[in-house]
Amino acid sequence: MNEKALFKLEYNKIIDKLVSLAGSGLGKELCAALQPSDDIIEIQSRQKETSDALSRIYRKGSLGFYGLHDIRGSLKRLEIGSTLGAGELLHISSVLDAALRIKAYGVRDNEENAGDSLDEMFSSLEPLTPLNNEIKRCIISEEEIADDASPALKNIRRSMKVANDKIHEQLNSLLNSSSSRTKLQENIITMRNGRYCLPIKQEYRGQFPGMIHDQSSSGSTLFVEPMAVVKLNNDLKELEIKEQEEIEKILADLSNQAGIETENLDNNVRVIAELDFIFARAALSKQMKGTEPAFNDKGIINIKKGRHPLIDSKKVVPIDITLGKDFNLLVITGPNTGGKTVSLKTVGLFTLLGQAGLHIPAFDGSELAVFEEVYADIGDEQSIEQSLSTFSSHMTNTVSILEKANYKSLVLFDELGAGTDPTEGAALAMAILSNLHKRKVCTMATTHYSELKVYALSTEGVSNACCEFDVETLRPTYRLLIGIPGKSNAFAISSKLGLPDSIINDAKNLIGIQDKSFEDLISDLEKNRIAMENERLEISKTKKEIEELRRRLEQKNEKIDNAKDRIMAEAKEEARKILQDAKDIADRTIKNFNKWSSEGGITRDMENERTALREKLSQAESGLSIKNNKKSKKTPKAKDFKLGDSVNVLSLGLKGTVSSIPNAKGDLYVQMGILRSLVNISDLELIDEPVITGPNINRTGSGKIKMSKTFSISTEINLIGKTVDEALSLLDKYLDDAYLSHLPQVTVIHGRGTGALRNAVHSHLKRTKYVKSYREGAFGEGGQGVTIVEFIQ
């Protein structure tokens, strides 16, 4: 890309932001050198890297790239066998620390999705932990090597400590001796030329044996090494030389170990720097709220709610721009400070950022074209030194652009043809745009010329656009409207600012009829657009309300369904408990009644049990939330009840047959299966049934017997498929009904199977008092699969 376009579109300012987000010097270098590419494969690869890094930042947080030093010079010296200093080895250790930290960041969790474009880079890092640990063990800082770096160094330093102690002991004895005290200038031990000395007065130089190493600036003090410590100082000096030699050996050994890993070290530096570069791009995307645009090589631009990244995010107005699909030339008109130039720069800057692998601050789904060059003629470039006026400078740029632009270029003109006579300027602008349009060059231009508006309206493949302006507030809205030519609004603005109407009317009269008609047409279009925009907003609002109502209705239905399921589940559970309680009570009651019957018929215990059952049923009825609203029937009288009448015992919920005449209190006996109980007529309800007679029904002294079960009772019961408990419960009730119906015999179908059900049926029949006999079915009756039961008559 040409440098002028990069400068005019302020691409460098975005790069400065990018550089500030890199964490290492090498990363900053890569950021500063970033240039747009015209290779769509490379662009898409860069965009994918940026998106993957941004995804990792949102998922795991930011990644720090501190500790990365440029060790490439040290690696070159290692390759030729040189020994590195302690500082250089510490820089290698710092790089390995960074490699370890960054590699750990790149490890994927089990629940994460499939890999991304950065996985290979993370996995290629080699922390070289043994080498790193060895460097840290041996080197404490750039000025200090650890005593444990080698056994020899430890011994040397131990000997140096002993020599130091001896020297100080000798010197302290001299300082404290009475003979030497008067000769000393100060009572201190000092060092000159790496040797321990004492400050001696000038006048005692001949009386104090030793070697003079220095004197004070005044000459009154001599720094003398006493003869008693000369040998000790010599020994200490020799130990220091040995120490330095041992340190050189240690550094050489560490350098040899590092030299073996120069390839891995060089890869670590390059990969970490590249990752720093990629994550800086992702951080910039996060800062700008950017998205990855799609790219095409067809010259199509479709920016959705694009925001110029250099304008305050709280003030910038998003714009929608399309170019290259239905038209490849867009003419933008409108008043000054309305946002025309910003729209122009937004398209150009987005193109540069996208082709550099950076995300753009726009909605997801935006699309950009790949251009080989972007040309921009924006701003005033007049030059006194070069004797160039505004028009001349613009025309110089235009000539250069016309020479170089082709169908793979994006051309941006700001105020094309300005700075000269309007008539000639408009003609030149129209001719330039026409030339570029014929050559299929993707072009955007801003202008105030009405002639260009007409050109855009009348030429295929060319479209108008305008920046909206609110005449009431005299302020631009900065919204770009594609397909609508803009108005200068000069008359309206002047009137609002107080220019007399007479002057404005004179000005209108000076405009040609054709121009006036064109401006009126634009005004009508603007009014229609505003009306349509308001209708669209109203429709959008209504749609949102409908969606909200639909959402609330769905939530309500979902709640109802959930409540229904819950209530049904609770009801089923409650019913199960009631049935279980009823079964337990029934089993217990039948057991007790069988026991009492065998002991001699109706007893007080049986009556108490009946009363308890009645209370239990009354409690159950009082707990029901829904009462039986059936219309109450007429209260029966004692004379209504006759022997053999079928009745319903209300308190027990059972059906029975009247077996005695009511007494004076209205009490009578009712036979309910095997249960015979004394019941008051107020607790009874007559059941209307026809009189049934049959050839096999024996008559009694009470006359005809009305039987409620005669119509529905069958001469057989099928228990196949039932469990033993279910079968016995059904059988017991069936036998009661059949016996009360005066059936002489019945057939119980239980099937062959394992014989368990047949045995249970036989056992039950054996205990039933009104069963005279039972036998297996004969041939033709069902064989072993049925049991024929005969009742006592």
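Selection of helices (runs of 4 or more DSSP H) fully inside the range 1-63 by the criterion of at least 2 residues being touching a His at 6+ places or on another chain (Cβ under 9 Å) and open to solvent by less than 20 Å² (accessible area, probe 1.4 Å) returns 40-60. Looking only at residues that are open to solvent by 80 Å² or more (accessible area, probe 1.4 Å), of a type outside the set (D, E, K, R) and outside any strand (DSSP E or B) in the range 186-205, which one is nearest to residue 233 (Cα to Cα)? So, considering only residues that are open to solvent by 80 Å² or more (accessible area, probe 1.4 Å), of a type outside the set (D, E, K, R) and outside any strand (DSSP E or B), the one nearest to residue 233 (Cα to Cα) is 193. Only residues that are under 15 Å from residue 170 (Cβ atoms) and open to solvent by 30 Å² or more (accessible area, probe 1.4 Å) were counted in the range 217-227, giving 1. In the set 156, 167, only one residue is in a helix (DSSP H, G or I), among the hydrophobic types (A, V, I, L, M, F, W, C), under 24 Å from residue 254 (Cβ atoms) and in contact (Cβ under 8 Å) with a residue 24 or more places away in the chain; that residue is 156.
Residues considered: 354, 348. Of these, the only one that is closer than 23 Å to residue 466 by Cβ and touching a strand residue (DSSP E or B) at 6+ places or on another chain (Cβ under 7 Å) is 348. Could you please let me know if residue 214 is in contact with a Phe, Trp or Tyr (Cβ under 6 Å, 6 or more places away or on another chain) and either open to solvent by less than 20 Å² (accessible area, probe 1.4 Å) or touching a residue at least 12 places away in the same chain (Cβ under 8 Å) (or both)? So residue 214 fits the description; yes. Taking the range 408-444 as the range and being among the β-branched types (Val, Ile, Thr), over 20 Å from residue 483 (Cβ atoms) and either outside any loop (DSSP other than H, G, I, E, B) or modelled with pLDDT of 90 or more (or both) as the test, the residues that pass are 411, 423, 432, 441. Residues being assigned to a strand (DSSP E or B) and either buried (at least 19 other Cβ atoms within 10 Å of the Cβ) or without any contact (Cβ under 8 Å) to a residue 24 or more places away in the chain (or both) are represented in the range 132-142 by at least one member. Can you work out which of the residues in the range 143-153 that are over 52 Å from the mean Cα position of the chain (by Cα) and in contact (Cβ under 8 Å) with a residue 40 or more places away in the chain is farthest from residue 238 (Cα to Cα)? Ranking the qualifying residues of the range 143-153, first place goes to 150. Can you pull out the residues in the range 130-173 that are among the hydroxyl-bearing types (Ser, Thr, Tyr) and closer than 15 Å to residue 257 by Cβ? Result: 150, single match. Going through (1) loosely packed, with under 12 Cβ neighbours inside 10 Å; (2) at pLDDT 70 or above; (3) outside any loop (DSSP other than H, G, I, E, B) one by one, residue 595 falls short only on (2). The residues of the range 770-793 that are within 22 Å of residue 737 (Cα to Cα) and not aliphatic (A, V, I, L, M), listed by number, are 770, 772, 773, 774, 775, 776, 777, 787, 790, 791, 793. Is it the case that residue 183 is modelled with pLDDT of 85 or more and either open to solvent by 50 Å² or more (accessible area, probe 1.4 Å) or among the basic types (Lys, Arg) (or both)? Answer is no for this residue. Checking each residue in the range 283-326 for being among the hydrophobic types (A, V, I, L, M, F, W, C), modelled with pLDDT of 90 or more, part of a loop (DSSP other than H, G, I, E, B) and open to solvent by less than 30 Å² (accessible area, probe 1.4 Å) picks out no residue at all.
The values are calculated or read from the model by the stated rules, or taken from the named source; none is laboratory data. Note that the structure is predicted; figures quoted are calculated from it, not measured. Backbone-built Cβ (ideal geometry, glycine too); neighbour counts: all protein chains shown. Only protein heavy atoms, including side chains, enter the accessible area calculation; ligands, DNA and RNA are left aside. Shrake-Rupley method; radii C 1.70, N 1.55, O 1.52, S 1.80 Å.
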